[in-house]
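If you scroll down you'll find the structure; I have some questions about it.
The values are calculated or read from the model by the stated rules, or taken from the named source; none is laboratory data. Since we're looking at a predicted model, the values are computed, not measured. Neighbour counts run over all protein chains shown; Cβ positions are idealised from the backbone, glycine included. The accessibility values were calculated without ligands, DNA or RNA, using every heavy atom of the protein model including side chains. Shrake-Rupley method; radii C 1.70, N 1.55, O 1.52, S 1.80 Å.
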Amino acid sequence: MAPVLPPAIMRKIAVALLVGVLALCAGLYLLVWRPLFILPEALPRAEQALATPDLLLLAGVNAKQVDFLERWFMDLPAASPESVPPAPGERDLLDHLRGARVDPRRDLDYVLYALYPSQEAGLRQAVALIGRFDPAAIGAYLTSELHARPITADGRTSYEVTLTDASSCKPAATWRVTAEPGWILLADPASYAGLASRFGDRPQGENGETRWWHELALTDVAGIAVRRPDRLETGASFPLVGPAADAMAPNVEAFQRAYLGLGISAVPPQGQLRLVLDARDANRATEQIKTWQHAVNESRARWATAMPTVARLYDGLSIHTEGARSTLEVTVDRATLARLQDVGKELIGQIFGGSGLEGDTQPSGPGAETLDTNPLKFEPTASIAALDPYDPTIQFTGKVDVNVGPFGIRLDSIQLGSAAEDGLELVVAGFANGIPNIAAEPPRARLIIDRVTSTSGQELLKGEDCGRERNGMPAYFTSALPPRLSARKTVHLVPGTDARALQRIAGHIALRLPTKTEAMTLTEPKSGMVVEKYGAKISISRVAGSSLSYQVTGDRDRVLLIRALNAKGQPLASSMRISGDLLLGSGFAARADYSGSIAALEIVFAAEEQTTEFPFELTDFLLSAEHHPFARDDTPEFQPYTHQALRAQYSTDVPNPGTWKPLPPPEKPQPRLSVTEVEPFEISLDRAQPFFQLALSMTVRGPDAPGFARRYNLGQLQLTRVTLKDGTVLVPPASTERSVWSTSLRFVSAPKQGVLAAPANFSIATKATPLDLQSVEGSLLLRFPTALETVPLDDLGVGRSVRSSDMKVTVAARGRHSLVLETNQDADHVVYIRLLDGHGQALMLGGPPVIMPLPDGGARFDLSLSNEPARAEIIIAREMETATLPFSLLPP
C-alpha cells in the first residue's frame, strides 16, 4: 500500500504547482501574448497621417498576429524559407517585399490601407507598412525590377512606379513610394504629397477617430473601419465599397461609423467576425437593427423547413445593442465547418433525390466505409529512359499528330480571338497514358510552345508580356482521371495571320520525374505529429474520425501524396478536400474528409528527381476528324409554315369549335404537379424545389408539325407571373442575372407517337418555398417562318465568311470534333444549320448545338461533329410571324 502524504505536505505541493502554473501563464503572457498587442511605435504616426478629414475607409492587418497564429497552429519557422519569386508582373505585395529583401514574417508588423473620396476614374488610396526596412535595398529593387522613377523633394527620395495588370495587360495603378527604416508609404500621385507631409509631422496624440479605431482593432487580426457610411458612394469605384453602401441602405445616414473585424483565438481555436455600428440617429438605427434581426429570424425559419443544415449555420450568429452601439457577431469554429459539410451533403441529396414540392431532407449521418477505387500508385524507382512511349489505343483522347516519349501531341483547334483585332489562336493538346510517380499535384509536366512559323518563314507568335494566358506561360499536365494526364495550351498569333499560311508549330514538354520515392505510414496518427523529410515538413493539426487537417511547409514539391488508410491499410475514398496557401506564404494548409474512420496515414515523398525535355513539331493543320460510321441527318427540308396552317392541321370543330386534337399520353407517365393545354401543346409543371432559389422544372409537349423538329428558332417558353398563397405576386425583374424566367424551346429528341417533347427549367430569386406556390403563369411564344433562304458556306476554314443581304456568317473556330459559326444577327433568324460531306450527304451532328448570344447582337453556334464536313448550309428565316399563347398552372 502506497504511503499517504500528510495534508500539510499535500497543501504545499498543491500551492507549489499552482504557483508554477501561474508563473508559466504569466511568462507566456509577457513573452508571447502581450507582445502581439503592443503596437509598433510608428503605427500611431501612420494612423494619424492616413486619417485625413476626408478619409472614407481605414483597414488594417496585424501581421505579427497573423504570423503568430500561423506558427501556433502550423508550427511554421519564424522566417520564411528562400523561394524563387514569380515574374514582376505577377507579384503581389508580399512578393514585392521579398524581392526587396523584406521577410514578411520577420520584418513586417502592421499593414494599413486608406481610401479617400474620388470623382475621377482612378482610386485615391494609400498603404502604410510598419516594420523594419532597408530603404536603400527597397529603392534598388524599385528602380531595377519595377523601373521606378526616382523623385527627390524636400530632402526625401520617393519613387513613382506604374504597375501593369498581369491578366488584363492594362495599367493597374501608379504609386508614389517612400521608404524609411520604420515605415513605407505607398499612395496614388494625387494623394502622396499631402500624406507624405503628414508623416513628417509630429504625432498629435490620439484623436477621437484613431481612439475609436484602436478600441476595436487592437485585438483583431484584421479590421475595416468606415467613417461616415453615408459618403461611401464617393468611393464606389472601389470594388467592395459600392455593395457595402447598398447593404446599409436605406438607413445608412442613421449610422455614424461602422467597423468589420476578424478576431481569432488559439484556445479554443475559433474565429469571430463582427460588424460594429455606432448610431448617429438612435431611433432610425434601432429600427434598422430590428429589421435585420427580423430578417435573420425569418431566414432561419425558412431554411429550417427547406434545408435544416443551412438553418443550423445561424447558431453562431448573434445581434445585440448596447447604448448607441450595435454588434453583429458570427463565430466560426470546427462545429461550423462540420455544418458546412452537412450543407453540401444535403444539397447533393436534394439535387439527385426528392421530387415534387417537398424540400425537407435530413442530413445523412456518417456513411459506411468506401475505398478509393482508383488509388494512385508510386514506384520505388523510375527512370526517364525506361518510360513507355505514348500509346493512343489505351486512352480515350482520340488521335494525336506526333508522339514524343510518353506524350502524345496534337493541334486541337484553330479559332478567332475574342475581338476582331486579336487575330487567330491555336490550341495545342498534350496527353500521357500514365507516367510513374507523377501525381496531379504538384504538376510536374509542362507543355510549352516555342515558335509558330508561316509558309514564308515568318514568326507568327505574338510577343506578350502579360495576359491571362500569354504565349510564354506553360500549360501544366493535370488529371481528372488518374493516371491519365492532359494539358491544353492556347497561343495567340500576330494580327492578320491567315490560317492557310500556317506551316509549323515548335514546342517542348518539360518533365520533372521523381526517380526515387519513399512511402511512410503513420499508424495511429494524432494531432501534433510532425514529419520532416527531404526539406519538406508535414504537421498534422487534427485527426478525428474521418476528418484530417494538415499543413505542408518547406520544399512542398517533395510531398507527392498524403492519404488516409483504414485498419487494413487500404486507401479510403475522399468525400471532400479543400486547401489553400498560408497567408504569409511558404506553405499550404489542407483539410480532407474520408468515407470511413482514419486508422493510418500514408505519405509519399520524392526522394530523388530528374528533369528532361521532349521537343516536338506539328505540321498538320487540316484538323482531320477521326472516322466514324456515317450517320445521315434525316431532318426534313424546311418549308414556310404559318400559325394558320397549324390551326388548320391540328384544330377540330367537333364537337366544340376551337378545340384541338388531343396528344397521346407519354409512353412512361411521370408524376406531375400540374398540366394545362394550350392549343395543340401540353405544358406541365413537373417539379418545384428549394435550393438557394426556387427551381421549377417543366415540360412542353407538342405535335410533330412540319418544321418543328430540331428547328433552332422555334420559340420561347416564358414565365410572366408567379403568385404565392399569401397573395404575393412575383414578376420578371428588370435584370435577370440571378434568375431564369425565359428559355428557348427546341424539340431536339425524335418524336414518339407523333409527339415532340422538350424540358424547360427556371430559377426564381425568391424566399418562397414550393409549398407557398399558388399559380404559375406564362406564355408560349412560337415563330413561324413565312419566307426562307438557304445560304451556302463552301469554305469552312477559320476566318472564312459568307454574306447574304444583311446576314453575315463567319467560321469562328474549327476543331477535330467541333465547328463554331458566328452570325452578326441574333439567333432568331437562323432556322437550322446543315453540314454536308464532300458528296453532298447531310451529316448528323454529334449532339444538339450550343447557341449563345454575343455582346454585339450576333449569335454563336457551337456544332459537335461526328464526321468531317466539307461545307455548310445556313437556313435563314427572311420573314416570320409570331404567336403568343398564354398559359396558367395551378400546383396542388
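Look through region 463-486, keep the residues that are more than 19 Å from Lys377 (Cβ to Cβ) and of a type in the set (A, V, I, L, M), and return whichever of them is least open to solvent (accessible area, probe 1.4 Å).
Here the answer is Ala475.
Could you list, in sequence order, the residues of region 45-81 that are of a type outside the set (A, V, I, L, M, F, W, C), at pLDDT below 80, surrounded by fewer than 17 Cβ atoms within 10 Å (Cβ to Cβ) and out of contact with any strand residue (DSSP E or B) (no Cβ under 9 Å at 6 or more places or on another chain)?
Passing the criteria: only Arg71.
In addition: Need the failing condition index for Ala768 against (1) open to solvent by 10 Å² or more (accessible area, probe 1.4 Å); (2) of a type in the set (A, V, I, L, M, F, W, C); (3) part of a strand (DSSP E or B), just the number.
Every listed condition holds for Ala768 apart from (3).
What residue, among those in region 735-751 that are assigned to a loop (DSSP other than H, G, I, E, B) and within 22 Å of Ala827 (Cα to Cα), is most open to solvent (accessible area, probe 1.4 Å)?
Glu737
Does Arg577 count as outside any loop (DSSP other than H, G, I, E, B), open to solvent by less than 70 Å² (accessible area, probe 1.4 Å) and out of contact with any His (no Cβ under 9 Å at 6 or more places or on another chain)?
Values: outside any loop (DSSP other than H, G, I, E, B): yes; open to solvent by less than 70 Å² (accessible area, probe 1.4 Å): no; out of contact with any His (no Cβ under 9 Å at 6 or more places or on another chain): yes.
Judged against the criteria, Arg577 is not a match.
Given the criterion out of contact with any Asp or Glu (no Cβ under 7 Å at 6 or more places or on another chain), without any contact (Cβ under 8 Å) to a residue 60 or more places away in the chain, polar (S, T, N, Q) and within 30 Å of Met473 (Cα to Cα), identify the matching residue among Ser144, Ser168.
Ser144
Further question: Considering only region 458-482, state which residues are closer than 27 Å to Ala439 by Cβ and either in contact with a Leu (Cβ under 7 Å, 6 or more places away or on another chain) or polar (S, T, N, Q) (or both).
Pro474, Ala475, Phe477, Thr478, Ser479, Pro482
Looking at (1) assigned to a loop (DSSP other than H, G, I, E, B); (2) within 19 Å of Gly417 (Cα to Cα); (3) free of Cβ contacts under 8 Å to residues at least 60 places away in the same chain, which is the one condition that is false for Val452?
With (1) assigned to a loop (DSSP other than H, G, I, E, B); (2) within 19 Å of Gly417 (Cα to Cα); (3) free of Cβ contacts under 8 Å to residues at least 60 places away in the same chain applied to Val452, the lone miss is (1).
Still on this structure: Out of the residues in region 377-396 that are farther than 30 Å from Gln570 by Cβ and within 34 Å of the chain's Cα centre (by Cα), which is modelled with the highest pLDDT?
Tyr390
Let me ask you something else. Taking Phe681, is it among the aromatic types (Phe, Trp, Tyr) and open to solvent by less than 30 Å² (accessible area, probe 1.4 Å)?
yes
Which number in (1) over 35 Å from the mean Cα position of the chain (by Cα); (2) farther than 22 Å from His643 by Cα; (3) not small (Gly, Ala, Ser) marks the one condition that Phe762 misses?
Of the numbered conditions (1) over 35 Å from the mean Cα position of the chain (by Cα); (2) farther than 22 Å from His643 by Cα; (3) not small (Gly, Ala, Ser), the odd one out for Phe762 is (1).
Report yes if Arg860 is among the basic types (Lys, Arg) and in contact (Cβ under 8 Å) with a residue 40 or more places away in the chain, otherwise no.
Answer is yes for this residue.
Leu262 - would you say it is over 25 Å from Pro53 (Cβ atoms) and at pLDDT 75 or above?
When the stated conditions are applied, Leu262 passes them.
Please go through region 400-433 and pick out each residue that is open to solvent by 20 Å² or more (accessible area, probe 1.4 Å) and not in a strand (DSSP E or B).
Hits for region 400-433 are Val400, Asp401, Gly405, Ser418, Ala419, Ala420, Glu421, Asp422, Asn433.
Identify, by number, the condition in (1) open to solvent by less than 20 Å² (accessible area, probe 1.4 Å); (2) closer than 20 Å to His643 by Cβ that His829 doesn't meet.
Unmet for His829, out of (1) open to solvent by less than 20 Å² (accessible area, probe 1.4 Å); (2) closer than 20 Å to His643 by Cβ: (1).
Taking only region 122-155 into account, find how many residues are open to solvent by less than 70 Å² (accessible area, probe 1.4 Å) and closer than 17 Å to Ala42 by Cβ. Explain how you work it out, then say what you get.
Within region 122-155, the subset open to solvent by less than 70 Å² (accessible area, probe 1.4 Å) is 122-131, 133, 135, 137-143, 146, 148, 151, 153.
Now restrict to residues that are closer than 17 Å to Ala42 by Cβ: 126-131, 133, 135, 138.
Of the residues in region 122-155, 9 are open to solvent by less than 70 Å² (accessible area, probe 1.4 Å) and closer than 17 Å to Ala42 by Cβ.
If Lys489 satisfies every condition in (1) more than 29 Å from the chain's Cα centre (by Cα); (2) surrounded by 16 or more Cβ atoms within 10 Å (Cβ to Cβ) but one, which is the exception?
(1)
Looking for something in a strand (DSSP E or B), more than 30 Å from the chain's Cα centre (by Cα), modelled with pLDDT of 60 or more and closer than 22 Å to Val61 by Cα - is there at least one such residue anywhere in region 241-259?
So far as region 241-259 goes, yes, one or more of its residues are in a strand (DSSP E or B), more than 30 Å from the chain's Cα centre (by Cα), modelled with pLDDT of 60 or more and closer than 22 Å to Val61 by Cα.
Turning to a different aspect of this structure: When the residues of region 869-887 are filtered to those that are more than 14 Å from Asp828 (Cα to Cα) and in contact with a Ser or Thr (Cβ under 6 Å, 6 or more places away or on another chain), which remaining residue is least open to solvent (accessible area, probe 1.4 Å)?
Among them, the one singled out is Phe887.
With region 517-559 as the region, which strands (runs of 3 or more DSSP E) entirely inside it contain at least 3 residues that are open to solvent by less than 20 Å² (accessible area, probe 1.4 Å)? Even if it seems obvious, please write down each step before you answer.
On the way: elements: 530-533, 536-544, 547-554.
Correct list: 536-544, 547-554.
Confirm whether Phe621 is crowded, with 17+ Cβ neighbours inside 10 Å and within 26 Å of Gly847 (Cβ to Cβ).
So Phe621 passes the test.
Mind counting the residues in region 522-572 that are more than 28 Å from the chain's Cα centre (by Cα) and among the aromatic types (Phe, Trp, Tyr)?
1
Do we have any residue at all in region 795-814 that's within 24 Å of Val700 (Cα to Cα), surrounded by fewer than 21 Cβ atoms within 10 Å (Cβ to Cβ) and of a type outside the set (Phe, Trp, Tyr)? Spell out how you get there, then give the answer.
Let us first name the residues in region 795-814 that are within 24 Å of Val700 (Cα to Cα), namely none.
The answer is no, given that none of the residues of region 795-814 is within 24 Å of Val700 (Cα to Cα), surrounded by fewer than 21 Cβ atoms within 10 Å (Cβ to Cβ) and of a type outside the set (Phe, Trp, Tyr).
Find the residue count for region 832-859, including only residues that are modelled with pLDDT under 95 and within 25 Å of Gln716 (Cβ to Cβ).
Counting residues in region 832-859 that are modelled with pLDDT under 95 and within 25 Å of Gln716 (Cβ to Cβ) gives 14.
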